[in-house]
Amino acid sequence: MLTACGAPQGPDGVYDPIEPVNRAVHGVNKGLDTVIVNPVAQTYGTVLPQPARQGVRNFADNLGLPSAVLNNLLQFKLQDAFVNSARFLFNSTIGIGGLFDPASTIGVEERDTDFGETLHIWGVGEGAYLELPLLGPSTSRDAVGTLVDFVTDPLNAVGSHPEADAIVGGRVGARVGDRYTYSDSIDSVLYESTDSYAQSRSIYLQNRRFELGGASDDAYFDPYEDSYAE
């Protein structure tokens with residue numbers, strides 16, 4: 001997969017050598033969104049008030065900080081690692097396990113990152129565009145990054161059932177909440193565009209390339225910043 005990450009892009013800036021397979025996966029993801037994800041998200045957003053949904057989102061964001069710290073260190077961004085560590089400790093204690101975000105009120109903002117960005121910094125190319133089952137748009141580099149982030153996340157080592165269930169529930173709840181919050185943008189891509197596959201691919205790539213520095217050779221508006229399972 002790392003070899004594929006160095007593959008050349010086409011004249012339109014997109015390298016999609018398995019487009020028929022990706023389109024088939026996109027069709028499955030879109031069907032799951034129609035039948036399961038969107039109805040669940042609408043129920044979730046209607047039943048749960050906004051402050052409660054924000055608490056779930058805060059909790060899930062806090063869970064991602066240990067992995068972000070690891071990637072900060074791998075990228076030799078020591079200041080970012082310190083900020084994310086301080087934010088995690090502050091919100092995990094004063095913020096009651098991350099349900100609240102007092103760190104932001106004192107200016108300690110998250111330095112968001114992932115292993116896909118780490119690979120980018122190490123010089124690994126973007127590679128081929130991929131549509132992943134349930135997870136949605138990605139690239140071969142970011143697919144590797146997603147796998148590594150999952151395997152190396154310290155919180156995945158939590159073995160006791162109540163804590164593990166809370167972690168999984170928080171992360172799933174945050175994604176469902178995102179689907180509700182950004183439903184207008186997502187629906188416009190999935191159900192109102194003439195080619196939802198091409199539209200979601202373009203949006204993801206433009207947003208991701210911008211996140212990584214906006215370089216024209218590695219330069220994509222995800223409706224809700226990679227949270228979007230179609």
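Annotations for the structure displayed:
- Each residue of the stretch 140-148 is assigned a 3J(HN,Hα), and the resulting list reads 4, 5, 6, 5, 4, x, 4, 5, 5 Hz, derived from the Karplus form 6.51 cos²θ - 1.76 cosθ + 1.60 (θ = phi - 60°), x at Gly and Pro.
- Only helices enter the 222 nm calculation for the chain: every DSSP H run of n ≥ 4 contributes -39,500 (n - 2.57), and dividing by all residues gives -17500 deg cm²/dmol, rounded to 500.
- Listed peptides 29-38, 102-111 by packing density, highest first (mean Cβ within 10 Å): 29-38, 102-111
- Each Lys or Arg adds one and each Asp or Glu subtracts one; over the other residues with Cβ under 15 Å from the Cβ of Pro20, this totals -2.
- If you wrap the tightest convex hull around every Cα atom of the stretch 16-72 and split its volume per residue, you get 119 Å³.
- Hydrodynamic radius of the stretch 122-195 per Kirkwood, over alpha carbon pairs, in Å: 15.0 Å
- Charges were assigned to the Cβ only: +1 to each Lys and Arg, -1 to each Asp and Glu. The resulting dipole of the chain about its Cα centre is roughly 400 debye.
- Shown here is the pair-distance distribution of the chain: with all Cα-Cα distances grouped in 5 Å bins from zero up to the longest one, the shares run 1, 7, 13, 17, 18, 18, 14, 8, 4, 1, 0 percent.
- Inverse mean reciprocal Cα-Cα distance (Kirkwood Rh) of the stretch 1-122, Å: 17.6 Å
Every read-out reported here was derived from the displayed coordinates using simple, explicitly stated rules and does not represent laboratory data. Everything numeric in this text was worked out from a predicted model, so none of it was measured. Using ideal geometry, Cβ is built from the backbone for each residue, glycine included, and neighbour counts are taken over all protein chains shown.
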